[in-house]
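Peer 1: Structure below; questions to follow.
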Amino acid sequence: PESPLPPEPSWVAYDAELERLCRIAAHVGGNQPAPISYTALIIAFMWADDAVSAWFRDWLGANTSIDRQAIYRSKDVSADDRGRFVSLAASGELPAADPLYSRSARNLMDQASRIAREVARAAPQQTLLGARHVMAAYAFRNPSDHVDQVRGWGFDVTSWRRAFLDFSARFGELYGEDWSRLGQRSPASGAPVIGSFTSDDPLAPPQDLL
């Protein structure tokens with residue numbers, strides 16, 4: 001039987017694509033405390049087969065300055081591990097960890113839920129969170145304690161934002177969302193919008209910042 005995956009925040013629902021991403025991330029984190037972490041989710045985007053993940057892989061491939069091996073090393077995995085972790089995610093099992101989400105991941109999901117409400121043309125009865133909202137949170141609402149981390153990997157945040165906004169144009173027709181609102185509300189610079197949790201947060205496992 002499939003182990004239930006609690007959403008974060010608790011009042012949202014995940015679509016099937018985001019649920020799959022989180023299940024992949026949980027197994028990337030494995031037996032570490034709070035296995036669904038900031039870095040594990042990035043790796044899940046590198047491995048999943050939804051449209052946002054495919055876009056992210058293409059964007060990574062077009063930016064040769066990004067050190068994908070460094071991202072993998074931070075979780076002690078390699079590109080060759082993809083099949084094993086995707087199969088584990090498909091099995092429906094989850095690591096026996098409590099909490100399941102790191103502080104940084106919870107922060108990211110909270111920002112994703114805010115973005116989902118911001119871009120919605122009409123207020124939904126329940127926020128349905130998708131991969132696109134979480135990718136937008138990475139690009140536009142990156143927690144401040146991870147800014148140096150993504151720069152160290154070679155990410156150009158301004159380029160990331162611009163490319164994602166171009167990609168998000170399709171979401172209007174697919175989901176009835178207005179993603180131009182995100183570009184209007186976000187700063188032009190690479191500075192983070194928020195950063196509520198710091199690297200010395202007692203509930204943020206050290207691996208999450210690697």
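Peer 1: Among the residues of region 27-37, write down those that are open to solvent by 10 Å² or more (accessible area, probe 1.4 Å), in contact with a helix residue (DSSP H, G or I) (Cβ under 6 Å, 6 or more places away or on another chain) and part of a loop (DSSP other than H, G, I, E, B).
Peer 2: Of everything in region 27-37, just one residue is open to solvent by 10 Å² or more (accessible area, probe 1.4 Å), in contact with a helix residue (DSSP H, G or I) (Cβ under 6 Å, 6 or more places away or on another chain) and part of a loop (DSSP other than H, G, I, E, B), namely Gln32.
Peer 1: Can you say whether Leu129 is of a type in the set (A, V, I, L, M, F, W, C), in contact (Cβ under 8 Å) with a residue 24 or more places away in the chain and open to solvent by less than 20 Å² (accessible area, probe 1.4 Å), as far as the supplied structure shows?
Peer 2: Values: of a type in the set (A, V, I, L, M, F, W, C): yes; in contact (Cβ under 8 Å) with a residue 24 or more places away in the chain: yes; open to solvent by less than 20 Å² (accessible area, probe 1.4 Å): yes.
Spelling it out, Leu129 is indeed of a type in the set (A, V, I, L, M, F, W, C), in contact (Cβ under 8 Å) with a residue 24 or more places away in the chain and open to solvent by less than 20 Å² (accessible area, probe 1.4 Å).
Peer 1: Continuing with the same structure: Six or more apart or on different chains, Cβ atoms under 9 Å: show the pairs whose first residue is in region 1-26 and within 23 Å of Arg84 (Cβ to Cβ) and open to solvent by 70 Å² or more (accessible area, probe 1.4 Å) and whose second is polar (S, T, N, Q) and in a loop (DSSP other than H, G, I, E, B).
Peer 2: Final answer for the pair search is Glu2/Ser91.
Peer 1: Sticking with this structure for a sec: Could you list, in sequence order, the residues of region 38-70 that are over 17 Å from Leu21 (Cβ atoms), among the hydrophobic types (A, V, I, L, M, F, W, C), touching a helix residue (DSSP H, G or I) at 6+ places or on another chain (Cβ under 8 Å) and part of a helix (DSSP H, G or I)?
Peer 2: Ala70
Peer 1: Next question, about the same structure. Please go through region 75-96 and pick out each residue that is open to solvent by less than 30 Å² (accessible area, probe 1.4 Å) and in a loop (DSSP other than H, G, I, E, B). Quick ask: steps written out before the conclusion?
Peer 2: Step one: of region 75-96, the residues open to solvent by less than 30 Å² (accessible area, probe 1.4 Å) are 75, 77, 85-86, 89, 92, 95.
Of everything in region 75-96, those that are open to solvent by less than 30 Å² (accessible area, probe 1.4 Å) and in a loop (DSSP other than H, G, I, E, B) turn out to be Lys75, Val77, Gly92, Pro95.
Peer 1: Another question, then. Taking only region 104-135 into account, find how many residues are touching a Ser or Thr at 6+ places or on another chain (Cβ under 7 Å) and assigned to a loop (DSSP other than H, G, I, E, B).
Peer 2: Residues that pass the stated criteria total 1.
Peer 1: May I ask you to list the residues in region 112-125 that are over 14 Å from Tyr14 (Cβ atoms) and open to solvent by less than 10 Å² (accessible area, probe 1.4 Å)?
Peer 2: Ile115, Val119, listed by residue number.
Peer 1: Let me spell it out: the conditions are (1) open to solvent by 10 Å² or more (accessible area, probe 1.4 Å); (2) farther than 17 Å from Leu18 by Cβ, and His146 meets all of them except one. Which number is the exception?
Peer 2: (1)
The values are calculated or read from the model by the stated rules, or taken from the named source; none is laboratory data. Predicted, not measured: the structure shown is a model, and the values here were computed from it. All Cβ positions, glycine included, derive from the backbone under ideal geometry; neighbour counts span all protein chains shown. These accessible areas exclude ligands, DNA and RNA; they are computed on the full protein's heavy atoms, side chains included. Shrake-Rupley method; radii C 1.70, N 1.55, O 1.52, S 1.80 Å.
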